[in-house]
1. Considering only residues of the stretch A:266-286 that are more than 10 Å from chain B (Cβ to nearest Cβ) and at pLDDT below 70, which is surrounded by the most Cβ atoms within 10 Å (Cβ to Cβ)?
2. Can A:F159 be described as crowded, with 21+ Cβ neighbours inside 10 Å and in contact with a Cys (Cβ under 7 Å, 6 or more places away or on another chain)?
3. Could you please find all residues in the stretch A:198-217 being within 14 Å of another protein chain (Cβ to nearest Cβ) and over 14 Å from A:L347 (Cβ atoms)?
4. Kindly indicate which of A:F142, A:F244, A:F156 is within 16 Å of ligand 3 (Cβ to nearest atom) and touching a residue at least 24 places away in the same chain (Cβ under 8 Å).
5. Within the stretch A:15-52, which residues are free of Cβ contacts under 8 Å to residues at least 24 places away in the same chain, part of a strand (DSSP E or B) and within 18 Å of the chain's Cα centre (by Cα)?
6. Got a number for residues in the stretch A:310-357 being basic (K, R), in a loop (DSSP other than H, G, I, E, B) and crowded, with 17+ Cβ neighbours inside 10 Å?
7. Filter the stretch B:194-239 down to the residues that are polar (S, T, N, Q) and touching a Phe, Trp or Tyr at 6+ places or on another chain (Cβ under 8 Å), then identify the one that is farthest from B:G51 (Cα to Cα).
8. Which condition number does B:C247 fail, the rest of (1) within 16 Å of ligand 3 (Cβ to nearest atom); (2) under 20 Å from the mean Cα position of the chain (by Cα); (3) not basic (K, R) being met?
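The values are calculated or read from the model by the stated rules, or taken from the named source; none is laboratory data. Being a predicted model, the structure only gives us computed values, none of them experimental. Neighbour counts are summed over all protein chains in view; Cβ atoms, including those assigned to glycine, are modelled from backbone coordinates with ideal geometry.
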Amino acid sequence: MKLIFDWLKKNNFEIWAHAVSEGDLRIEPVDNFKSVDFSAEVPLDSWKQAFFPSNHCLFEFNKPPAKKKIPLNPLLLRGETGGFKEGTKRIALFGMRIFDLEALQLYDAVFARDPYYQSRRKNILIIGFASKNEKKDTEILFDKTFSEERLSSYNFDIFWGEKSKRYFTGSPKGKKILKDLKIESASFGAGTESARHNSASMLWRDYLNWKKIIDTALDSKIWDELGKTCLACGKCSIACPTCFCFDIADEFQPPLTPPIPTEASEQGGVERVIRTRCWGNCFYQEFHRMAINNIFNDNIRDRIAFWYIHKFVRVPVEYKLRGCVGCERCHRVCPVDIDIKKNLKRLEKSLKNKKRP
Amino acid sequence: MKNPYLPRIATIFNKKKEDDDIYLFTLKFRDGTLLNFNPGQFVLAGIPGFGESAFDVCSSPSDKNTFQICVRKVGVNTAKMVDLKINDSIFVRGPFGNGFPIETVRKKNLLLVGGGTGFIVIRGLLQCFLSNGKTSDVLRTSDVEQKKKIQIFYGARDWNSLLFRDEFDSWGKIASLHLILEEPPEMPACPRGLITKLFEITKIIEKPTIIMAGPPMMYKFCLQEIQKRLNVPDNKIYLSLERRMHCGIGVCQHCAIGEKYVCTDGPVFTYEELKKIKGAL
Ligand code: SF4
Ligand code: SF4
Ligand code: FES
């Protein structure tokens, strides 16, 4: 891994990795190899900031030149197409664990036709890693351990399995880098087709089971209880590697101070408007606002349920992928100890009890 | 790769007051492109700095060069929009959503139920039926002449809050219009009450396909009436839903209900689909 790290540095990649920062394990840009954490610990935040920034500009509306005399409305799209700047910075995500690769797979599917995501993504190199100290979880959904079979479904460039001491490549780019560095890469393709199929279908079958549970347990009292406990702080959704909701919002440059002028012609001071896309949070009431006094899901109970329905129903229905990769970050960041594993188990149990006469 | 977030600039071709704070805008894209929509589809429109809101397109698809939306002042963006004048610009993305299954419903007896501003969607459908149908995706007037079996239920607060009053006569050519008001005027005579009462006092056409647009409360009570009085299968009842939209393309999750998205799977759903989704209505 050190060789690869040095190669990335030499080639001017910004390198993101697991690293301890102010006492917590985080994911952030790192400068030297020594600060990279290779343990089996899961950091508190996710990689998504690298490929889906929490706030980015979609395009700007600029004021047209005065002589063009565009009636009243003073703002125009910049450029003919209002085009966006293609990402040029090259980023390497160094040491993504297997479950985070699965989350990336979901992002790649969700934003397959998103020009902003794609222009960033094509400059991102994925170097995966599995620690030799990983421990198996008995619950399939929350098992975070690496297996070669899982690897074959995900998108990555290079992967290092510490236990088997093997490098894998998942793209021509990755192959070329290893070749340049004279590192031998193992194949995980041939002969494992059925094993791969079995492991993928095992994960999927397990997931469909959870989907069914969420689908049928929407009336459970457990939701009422969660609605009372949860603070709607939204930390879980920020930390979750698969949460991808967003808001689209406008910013004035320079910022307007209220009262905002009503006549378009009075917006003289505004130089431009920036349309931004930022992470949305379905735990917040604002996310569900329809009009001034009309809000759907106007209680925390329904918003928590909305979150689970997204992960366990909408995502698998739409993308045929898992909407929760079992990393348990949401539980670890929650100030009131709301535990997804426990909740799922309880919902499952409540259904079983209901079925019994 | 096409940028789905990029709006087109539309010029306000005409602006007509329908009620206090409600205006009908006729728009035309400045670059000469067309909207090409189905009745029941919506656009996201707004003014830079104030975001975008969803509007049902309420003109006939056969009017190719312009399209109409009805704007009600309910938030910051719409407040800005209703202040605009003829020749000002609005930024528009779309069309989005599924729209009504015109080919299916054109052959049926129709009961159109609209409450308040929900009626804007119904108006779009009527415009479509009324247009002389130069395109194949539009109901030909002759079809309608032959059967003349469209019934319209329209409920509102008072006479002034009825939208499109000057079009009532033209609708009479293809449909029978039944109005009901919470506070009816002395003249013209009009029953007093909520829209549900129309189910009680009107002889409803045979085997209707029902299309409804209005607030969730209206759906709830009208569905009760329908189940009580009529024998209409759930898949022959269409409802148009309203939710907050951000992306319009089924990604941002703002408009999600159960496993569906109002922006891509809707906004038109059958009751058969909706009754399975908790909290949809
Ligand atoms: S365990 Fe929690 S944080 Fe991790 S993917 Fe699932 S929902 Fe998201
Ligand atoms: S972190 Fe915990 S308290 Fe905060 S929104 Fe999530 S579940 Fe609720
Ligand atoms: S508006 Fe974004 S998902 Fe429907």
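1. The selected residue is A:E271.
2. Working: crowded, with 21+ Cβ neighbours inside 10 Å: yes; in contact with a Cys (Cβ under 7 Å, 6 or more places away or on another chain): no.
Criteria not met by A:F159.
3. The one that is within 14 Å of another protein chain (Cβ to nearest Cβ) and over 14 Å from A:L347 (Cβ atoms): A:L208.
4. Numbers: A:F142 fails: within 16 Å of ligand 3 (Cβ to nearest atom); A:F156 fails: within 16 Å of ligand 3 (Cβ to nearest atom).
On inspection, the qualifying residue turns out to be A:F244.
5. Once the filter is applied, which keeps residues that are free of Cβ contacts under 8 Å to residues at least 24 places away in the same chain, part of a strand (DSSP E or B) and within 18 Å of the chain's Cα centre (by Cα), the stretch A:15-52 yields A:L25, A:R26, A:I27, A:E28, A:P29.
6. Of the stretch A:310-357, the ones basic (K, R) are A:311, A:314, A:320, A:322, A:329, A:332, A:341-342, A:345-346, A:349, A:352, A:354-356.
Filter once more, so that each one left must be in a loop (DSSP other than H, G, I, E, B): A:320, A:322, A:356.
Cutting the leftovers down to crowded, with 17+ Cβ neighbours inside 10 Å gives us A:322.
Residues in the stretch A:310-357 being basic (K, R), in a loop (DSSP other than H, G, I, E, B) and crowded, with 17+ Cβ neighbours inside 10 Å: 1 in total.
7. To start, the set of residues in the stretch B:194-239 that are polar (S, T, N, Q) comprises B:196, B:202, B:209, B:224, B:227, B:231, B:235.
So of that shortlist, the ones also touching a Phe, Trp or Tyr at 6+ places or on another chain (Cβ under 8 Å) come out as B:196, B:202, B:209, B:235.
Values: B:T196: 36, B:T202: 43, B:T209: 37, B:N235: 35 Å.
Applying the filter and picking the extreme gives B:T202.
8. (2)
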